[in-house]
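First up is the structure itself, then whatever we jot down about it.
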There are 2 protein chains.
Amino acid sequence: MALIVQKYGGTSVGTPERIKNVAQRVAKFHAQGHQMVIVLSAMSGETNRLIGLAKEISANPSPRELDVVISTGEQVTIGLLCMALQEAGVNARSYTGGQVRILTDDSFTKARILDIDGENIRRDLDAGSVVVVAGFQGVDEEGNITTLGRGGSDTTGVALAAAIKADECQIYTDVDGVYTTDPRVVPEARKLDTITFEEMLEMASLGSKVLQIRSVEFAGKYKVKLRVLSSFQEEGEGTLITVEEENNMEQPIISGIAFNRDEAKITVLGVPDKPGIAYQILGPVADANVDVDMIIQNVGHDGTTDFSFTVNRPDYDKAVKILEGVQSHIGAREIRGDRTMAKVSIVGVGMRSHPGVASRMFRTLAEEGINIQMISTSEIKISVAIDEKYLELAVRVLHRAFGLDQA
Amino acid sequence: MALIVQKYGGTSVGTPERIKNVAQRVAKFHAQGHQMVIVLSAMSGETNRLIGLAKEISANPSPRELDVVISTGEQVTIGLLCMALQEAGVNARSYTGGQVRILTDDSFTKARILDIDGENIRRDLDAGSVVVVAGFQGVDEEGNITTLGRGGSDTTGVALAAAIKADECQIYTDVDGVYTTDPRVVPEARKLDTITFEEMLEMASLGSKVLQIRSVEFAGKYKVKLRVLSSFQEEGEGTLITVEEENNMEQPIISGIAFNRDEAKITVLGVPDKPGIAYQILGPVADANVDVDMIIQNVGHDGTTDFSFTVNRPDYDKAVKILEGVQSHIGAREIRGDRTMAKVSIVGVGMRSHPGVASRMFRTLAEEGINIQMISTSEIKISVAIDEKYLELAVRVLHRAFGLDQA
């Protein structure tokens, strides 16, 4: 008998029929003697519908009031799931974020969890009930409703699991686990049985959008046993996200390959090679809320240097325009860009102890004639920017080169 | 400068455009220096949509969980109106029932208000904000979400007005006041400038569905000045609902004519004329949740009597079936019925001091050849059951006979 937190996303509770299916699954666990806490997202599409209503009223709605409106989505699903559980003969009780009391700061629309009171939940569990909690939401000190930002229900699940010391936090989604790479690009991609928190963070931030990144950080910090599973499959162990030390035998060098299509590169040529130039270039870009990813500054010569960085493709035109506006001020010779870039990253804690990973990556790409335009590295990942047309090829050959297609 | 509570119904906030219109109206009052508390219903259709979702999951959903689900409708509109007010340059702050704290008993789906904490509201008003409160909902002692039943937002408005000692409670709806009768039946029907609480109660319960009846009782009990207005008209004083004593000069004898089409009559013939027979007949009917309205027991002869009552037409078949089931047990000779009945009532506190009202009513109907099948009276109303085909004629001739078409 275990204490299990299960989180179901919007697709898993997208229709009354699917909510009944979730109830059946939860009832089965409950019948096996487990204590169950369920965290739910809003029905798929509902949060967008509510945001749409708000946008019809105001282009820039008050964050406090936006949270009042959008937090209703999860409130609906928790009530509906409790009804479905009761239909299945299981006692169940719903809690909004405020009712649990999930205390957050007052950063409306992107609040952070400060504390969770587990008392009501434990009392209901001890009385034999399933507890159903609204994800994505909480209350601040003054009782104002807050939300945690997109994907915040994952964070609610993990934080609840930490607060009530659950044996495991299971995140149910529409995929059956974390894969070595996207199976739509590489049919040989394999589901991983385990992945470390650090690898998962790199995979998630690089575009494998299985888990909300903040929830993974949270799980790592509080040592919550986290598992990703499919809500549409009866069987399967999903992918367990582990602390590295517990899992260091036969660790593969590379666990997965992440990629992102929608990149663009901007190069500022012939800027004076002096301190502060990076800030002069990137400051105005950041002020416009454009996220900058890879950044490279070449070695200077003749007192000038070239400066390159990548942005998300939808931000490309905006970023170029900003730079053209400050070009004469920073003394740059020319602004160049390329809007058809992609990024490919190999991720694995094994590369810490295995030298030669980078060179194997570069050789593999060179053998296919794929030109590497930018490189950036961290302790457990190597990313390259390449022409977008080579993306699928690059992912496929790297997947094979690092043996990811073999169990 | 006054403290005003305004309540807007579902039609008035049915679209983002209409919510903006409400914001404009509220902003105008606010600009005039009034302190404003706004109570809202859910967008029209939303509560039914939510109930529909629940019914897809369970034919008989848990009342506690149903309240969790359906209370979200008002939570959406309060957030949206605050956004619209802020767009109009007015500070505004929304409150759910639980945030106000509107304390109710724990009768889920039909809770009664026990107490309202006005402190947060007064603080915001003093700070110059408009306060926007979700109607229809509250919380019980344990923090469970409750709802007040259909039309409960009117009750929230009146109860709030009583709690914060508002100068007036204005109920905005899709009609511009209370009429002497339905203008679709009698084109000469006039809007009343005032009506007493007692008359309003009789009018409301008889089918003039302008105000939720509980809110009228509440307003009468706590002496809240209550006004019904149209949210679709810029001007107009609506109808003020008054305490009788304040308004006893030139009181008309009759204030209005209410009617209900969907009645049916059932007569149980030849039952033993002995104590307890009414209970034996009506007990099983009441047990089946069939509302019985007018009841008549004729004077008996030969040890037997006839017993008649009216029910809402949709309940007719059910009621007849029940009675046929107990017919032999109660010793009745025959069950007869008529499903095409209507009820017409004249209402007015003036009839207390004016004898002869009933006979004028009966003579008026007789002159048109309309047969009265049943009569029931209270201190301020006289109701008759007639064949449905005479309904419009009866309402028209009574409207004229009592001078209601003259200002």
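Condition test on A:ASP115, is it closer than 27 Å to B:ILE121 by Cα and acidic (Asp, Glu)? Explain how you work it out, then say what you get.
On the way: closer than 27 Å to B:ILE121 by Cα: no; acidic (Asp, Glu): yes.
No; evaluated as a whole, the condition is false for this residue.
If only residues of the range B:202-237 that are modelled with pLDDT of 85 or more, hydrophobic (A, V, I, L, M, F, W, C) and not in a loop (DSSP other than H, G, I, E, B) are counted, the one that is nearest to B:SER345 (Cα to Cα) is B:VAL216. Among strands (runs of 3 or more DSSP E) entirely within the range B:238-334, having at least 1 residues that are touching a residue at least 40 places away in the same chain (Cβ under 8 Å) and over 30 Å from B:ASP193 (Cβ atoms) singles out B:256-272, B:292-297, B:304-312.
On the stretch given as the range A:23-53, residues that are touching a residue at least 60 places away in the same chain (Cβ under 8 Å), buried (at least 23 other Cβ atoms within 10 Å of the Cβ) and either within 14 Å of chain B (Cβ to nearest Cβ) or of a type in the set (Val, Ile, Thr) (or both) total 7.
Residues in the range B:130-144 that are away from every other protein chain (no Cβ under 12 Å) and either surrounded by fewer than 16 Cβ atoms within 10 Å (Cβ to Cβ) or of a type in the set (S, T, N, Q) (or both): B:GLU141 only.
The residues on offer are A:SER378, A:SER359, and the sole one that is hydroxyl-bearing (Ser, Thr, Tyr) and within 25 Å of A:ILE266 (Cβ to Cβ) is A:SER378.
If I filter the range B:70-97 down to residues being surrounded by 24 or more Cβ atoms within 10 Å (Cβ to Cβ) and small (Gly, Ala, Ser), which single residue comes out as farthest from the other protein chains (Cβ to nearest Cβ)? Selected residue: B:GLY97. Would a scan of the range A:355-363 turn up a residue that is out of contact with any helix residue (DSSP H, G or I) (no Cβ under 9 Å at 6 or more places or on another chain), among the hydrophobic types (A, V, I, L, M, F, W, C), surrounded by fewer than 21 Cβ atoms within 10 Å (Cβ to Cβ) and within 30 Å of A:LYS321 (Cα to Cα)? No, every residue in the range A:355-363 fails to be out of contact with any helix residue (DSSP H, G or I) (no Cβ under 9 Å at 6 or more places or on another chain), among the hydrophobic types (A, V, I, L, M, F, W, C), surrounded by fewer than 21 Cβ atoms within 10 Å (Cβ to Cβ) and within 30 Å of A:LYS321 (Cα to Cα). Of the residues B:ASP176, B:ASP182, the single one that is of a type in the set (Asp, Glu) and out of contact with any Lys or Arg (no Cβ under 9 Å at 6 or more places or on another chain) is B:ASP182.
Across the range B:54-65, the qualifying residues are those that are at the interface with chain A (Cβ under 7 Å from one of its Cβ atoms) and under 25 Å from B:ASP105 (Cβ atoms), and the one among them that is surrounded by the fewest Cβ atoms within 10 Å (Cβ to Cβ) is B:SER58. Tell me, yes or no, whether the range B:240-253 has at least one residue that is at pLDDT 90 or above and of a type outside the set (A, V, I, L, M, F, W, C). Checking the range B:240-253: not a single residue is at pLDDT 90 or above and of a type outside the set (A, V, I, L, M, F, W, C). Residue-level analysis places A:LEU103 outside the set of residues that are touching a residue at least 12 places away in the same chain (Cβ under 8 Å), more than 7 Å from every other protein chain (Cβ to nearest Cβ) and buried (at least 23 other Cβ atoms within 10 Å of the Cβ).
For A:SER58, the conditions (1) closer than 18 Å to A:GLN170 by Cα; (2) without any contact (Cβ under 8 Å) to a residue 12 or more places away in the chain; (3) not basic (Lys, Arg) are fulfilled apart from (1). Inside the range A:177-218, residues that are farther than 20 Å from A:THR11 by Cβ and either of a type in the set (Ser, Thr, Tyr) or over 13 Å from the mean Cα position of the chain (by Cα) (or both) make up a count of 14.
The values are calculated or read from the model by the stated rules, or taken from the named source; none is laboratory data. Being a predicted model, the structure only gives us computed values, none of them experimental. Note: ideal-geometry Cβ built from the backbone for every residue, glycine included; neighbour counts use all protein chains shown.
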